[in-house]
1. Short version: what are the Cα gyration tensor semi-axes of the stretch B:21-269, square root of 5 times each eigenvalue, largest first, in whole Å?
2. In peptide B:421-429, how many Cβ atoms from other protein chains are near each Cβ within 10 Å, on average?
3. Against the empirical 2.2 N^0.38 Å scaling, what ratio does the C-alpha Rg of the protein assembly as shown come to?
4. How many angstrom separate the Cα center of the stretch B:427-447 from the Cα center of the stretch B:22-57?
5. Note the angle between two axes, namely the Cα long axis of helix A:134-145 and the longest principal axis of the Cα atoms of chain A, as a number of degrees from 0 to 90, rounded to the nearest 10.
6. Angle check, please: helix A:103-116 long axis (alpha carbons) against the longest principal axis of chain A (alpha carbons), in degrees 0 to 90, nearest 10.
7. Given charges of +1 on the Cβ of Lys and Arg and -1 on the Cβ of Asp and Glu, with all other atoms neutral, how large is the dipole of the protein assembly as shown about its Cα centre, in debye to the nearest 20?
8. Normalise the Cα radius of gyration of the stretch B:12-53 by 2.2 N^0.38 Å (N = residues in it) and let me know the number.
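Readers should treat all values here as calculations from the given coordinates under stated rules, not as data from a laboratory. None of the values given here were measured: they were computed from a predicted structure. Here the Cβ is made from the backbone with ideal geometry for all residues, glycine too, and neighbour counts use every protein chain on show.
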Amino acid sequence: MERDELRKALDRDELDYPALASEAGPESIDDLEALVAEDEPRIAPKAAYLAALIDADGSDRVVDLAARSRHDVVRASAAAALGSLTQGRAAPIADRLLADPDAGIRARTVKSVGLLGGEIQGSLRKVADEDDDPGVRALAEELIAD
Amino acid sequence: MGWAPWFGVSGGRAALRSPISCIARNPDHLDLFVTGTDGGIYSTWWDASSGWAGWFSVSGGRAALGSPITCVARNPNHLDLFVVGTDGGIYSTWWDASSGWAGWFQVSGGRAALGSRVEVVARNPDHLDLFVTGTDGGIYSTWWDASSGWAGWFSVSDGRAALGSPVTAIARNPDHLDLFVTGTDGGIYSTWWDASSGWAGWFSVSGGRAHLGAPITAIARNPNHLDLFVTGTDGRIYSTWWDAASGWAGWFNVSGGAAAPRSRINVVARNPNHLDLFVTGTDGRIYSTWWDAASGWGGWFNVSGGAAALSSPIDVVSRYPDHLDLFVTGTDGGIYSTWWHQTEALRVHVKVLTEPTSVTRAQMIQSMQDVHRAAGIDVVVASTETLNLPLLTDLDVGACTRGSTTAEQNQLFGNRNNAGTDDLCVYFVRSTVPPLNGCAAHPGTQWSAVVTSVASPWTLGHECGHVLDLPHVAPTDRLMMGGGTWNITNPPPDLAQSEIDTMLAHRLVR
């Protein structure tokens, strides 16, 4: 898909992400990175999420770029997208997002880490003990207990 | 409900407070009559096929500024007009579809004070009864019958009123008349005529009082019931009723309403179980309230921001049970109209977790209201509530498919404060997981939708459309276009008639 086609597909109100991921394929990662780099809240969150779902080389780079956005809605998307990356690709981005000033973004990151399972879940202990928000701490504790 | 903005009627003008007489000879036609600023008697008409016509002089007739023109349609192809002329004579003319307007003639030599209202009732298509307060303060009547022509004037049971007092007459059935007037002592009096017994004596109506000359408004919602309205001596709006089964009730204030002394209360019964009242309030704004057999009296509300000089009468006609037309002389002397058309309503409760950043929430709601209004659906924001749920503002909506919801959606949609069973709750969140502009998936009949902070002005209406069973469509100028409402062409977007029909059939639209 050309970048403009990709942008158009992402600009819908409701998207079928799995179908779009199949259609766009790994070759769209650079275009998705460019769309995230534009940092436009209407498109960048969707581009980051789609890149993670494609799960190709460079997907983590796109999600990491989103995790550094000045827009909370883009970082929230990066937090959700983590759950579609492999553990190795997700870990450094998770560390950044678990320190995000926004409790909702930290909570979404905790949920994504919980989905991934494995060693990355070790980071949840610190959240359960130290996060400023009691809701986020409780969420992390719940996932550790599970 | 669907009130239109006020508009000027063909540039017509009249002295402040001039009554506009309106009659619907048939449901798709209106005739208006007024005394213009030069004392000429003017008319215009509206027809569903051609809209408003220009004003024209009615056979050169003249009257004192502000004089009421009364009108009756004995049949759909005939009008009879009555007025007190500039010499105090009571004059009439008629229009017939076959012959057009006739010249004015004096009715049996009758006279009244300048500006007096000549009341007319057609008990049947071949008979007219006229009532007026004469120059000596006596209450007089005459009649016209197709078989015998005009009769002479006679005193109605020796009744008296202040000069210029309007006499209100109503025919509950073809063989019965009820009259109402404010008497010389400020008491509200009534008498009746029945074909079997003739005229009765005057009697006080439940001890009611009003300023001398105050008009009494009467309406018969059915042949065995009368409702009366008047502005009382304390400036409050009062009502009483008579029912064949129980007689006269006591007077009561209508929903706290008030108006300048002698203000005329105009009333219409769109159906036998509903009344709509109109009056110019003490602040010069035009107010309405309603009574419904199912819910009683509503509160007064300003009609479309309308205003008029104190005591200005608001004439009202109901051409259809779901339609009202109003007419008034405005504060600038222009003749204005508005209409109300019954619409269906969709009650929406707004729940805010995160305010939108793309466009304001108010813009989203306005955009939705605009699109739905064109479809005859009023979007009513029934309540607005802020929800402090930071862990749900990036909401997992799963695949966002109809009837399938996530634990997070179920948790959020449990917040339905103020919402009835058939009300729609819309949740403004920061984002969804996966990122969408909105999602209409909801559990069963827990009618809900979410809208994100990056949504377009049309996303709210689009998602609510899904709740009302509308699918995506391809055309880019439609609300339900699947290509993204940010990319709608030729806004505001349209709803196809089939979509409107689907929405109107949904239980949420009522």
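1. For the stretch B:21-269, the ellipsoid semi-axes come out as 28, 20, 19 Å.
2. 0
3. 1.33
4. Centre-to-centre (Cα) distance: 52 Å.
5. It is inclined by approximately 90 degrees.
6. Result, in degrees: 90.
7. Values: 46 positive and 75 negative charges, 460 e Å.
So the magnitude is around 2200 debye.
8. Dividing the Cα Rg of the stretch B:12-53 by 2.2 N^0.38 Å gives 1.22.
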